[in-house]
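Down below is the structure, laid out as structure tokens.
FYI, it's all coordinate maths here, none of it is from the lab. If you're wondering where the values come from, they're calculated on a predicted model, not measured in any experiment. FYI the Cβ positions are ideal-geometry reconstructions off the backbone, even for glycines, and counts take in every protein chain you see.
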Amino acid sequence: MSPVAALAPWLGGALLVSGVAVGVSRRRELVVRWCAWAVGVPVVTAAFWWGRPGIALLAAVAAVVAVLEFGALTRLPRADRAVLAAAVTGLVVTAAAAPEQVWRVGAVGALAVVAVPLVAGDAEDGLRRLGTALLGLVWLGVLAALAPLGTLGLALFAAVSIADVVAYFAGRRLGGPRLSPLSPAKRWSGTLCGAAAGLAVLALVSAWSWPAAVAVAVGGPAGDLAESLVKRGAGAKDSGRWLAGAGGLLDRIDSLVGALAVVVVLG
């Protein structure tokens, strides 16, 4: 049995259990969110089942959408968004096809996003545009790690997703000190319970390792706070409005991006 086939029953079971819990709660907001997950989880699983080409395609689509949402939040001009999207997509494709060239392609992408405000001669807003685009390249460029990670990427997706759900419910139920001024609704109690649930998922799907554990327990919440920082600066509650009950794609993958960043750093 393939690793993805072994993970599929766990993902289906988690979706079923969460659906029952959401149904019992009778909260329309949660029902709408669960419906979005009911569509998204099979799509993600199918992409990983396809293998590296499917994962690369999924990561590229997610990267482009995330860049567009990031660009809208940070008020990047269209030219900056287009070049940034091309740079991040180039990283994703290179990581899947020629991993040894990732750093070279990343450097080319950085030069490209820096060149846009320089060529435009933007003396007033150029520095902000340059810094924002480089932040987007570093932050969202870690989606390129999905294809090389393979099944571990799917395990991280499952772990951080369940950790987010548990953190939401546990934080509301248990209360306690706030996690950060960046996200006043989040509590330490929920974060710790979510981390425990995420680590349990890693153990259940046989994906446990100390880098993966740190990625889920620390990287996931950090990724969530990083997006909250961007949204706070933009004065926005969500990264978008197109995803039913969930705002934008960045609102759903922020924890995964944080976890991927930790895995990349820790190897």
Mind listing the Cα extents of segment 43-130 along all three principal axes, in Å, largest one first?
48, 28, 13
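Summing +1 for each Lys or Arg and -1 for each Asp or Glu, what net charge is found among the other residues whose Cβ lies under 14 Å from the Cβ of residue 171? Write down the numbers at each step before the final one.
Values: positive: 172, 173, 178, 186, 187; negative: 164, 224.
In short, +3.
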With a 10 Å cut-off between alpha carbons and a GNM built on the chain, which of 252, 33, 129 moves the most?
33
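Quick check: net charge around residue 227, other residues with Cβ under 11 Å of its Cβ, Lys/Arg +1 and Asp/Glu -1? Don't skip to the end; give the middle numbers.
Working: positive: 231, 232, 252; negative: 69, 224, 238, 251, 254.
Once positives and negatives cancel, what remains is -2.
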If the elastic network links every pair of Cα atoms under 10 Å, which of 30, 149, 84 fluctuates the most in the Gaussian network model of the chain?
30
If each Cα of segment 180-263 is one equal point scatterer, what is log10 of I(q)/I(0) from the Debye formula at q = 0.19 Å⁻¹?
-0.87
To the nearest 20 Debye, how big is the dipole of segment 1-154 about its Cα centre, given +1 on the beta carbon of each Lys and Arg and -1 on that of each Asp and Glu?
420
Between the modelled labels at residue 57 and residue 21 (7 Å from Cα along Cα→Cβ) the distance in nm is 3.2
Just how large is the dipole of the chain about the Cα centre, in debye to the nearest 20, putting +1 at every Lys and Arg Cβ and -1 at every Asp and Glu Cβ?
740
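Which order results if 224, 164, 125 are arranged by neighbouring Cβ count within 10 Å, fewest first?
Values: 224 27, 164 20, 125 14.
Ranking 224, 164, 125 by Cβ neighbours within 10 Å, fewest first, gives 125, 164, 224.
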For residue 180 and residue 118, FRET efficiency with R0 = 51 Å and r from the beta-carbon atoms, rounded to 0.05?
0.90
The chain: most fluctuating residue of 135, 256, 58 per GNM, C-alpha cutoff 10 Å:
135
Roughly how many nanometres apart are two label points built 7 Å out from the Cα toward the Cβ at residue 128 and residue 169?
4.2
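Rounded to two decimals, what is the ratio between the C-alpha radius of gyration of the chain and 2.2 N^0.38 Å? Working shown, then result.
Values: Rg = 18.4 Å, N = 267, 2.2 N^0.38 = 18.4 Å.
My calculation over the Cα atoms of the chain gives 1.00.
Subtract the Cα-Cα distance of residue 46 and residue 101 from 0.36 nm times their separation in residues, and report this length gain in nm to one decimal.
Details: separation 55, 0.36 × 55 = 19.80 nm, distance 2.73 nm.
Additional length available on full extension: 17.1 nm.
Would you tally the net charge around residue 19, using a Cβ to Cβ cut-off of less than 14 Å, leaving residue 19 out, and scoring K and R as +1, D and E as -1?
Values: positive: 26, 27, 33; negative: none.
Surrounding charge for residue 19 is +3.
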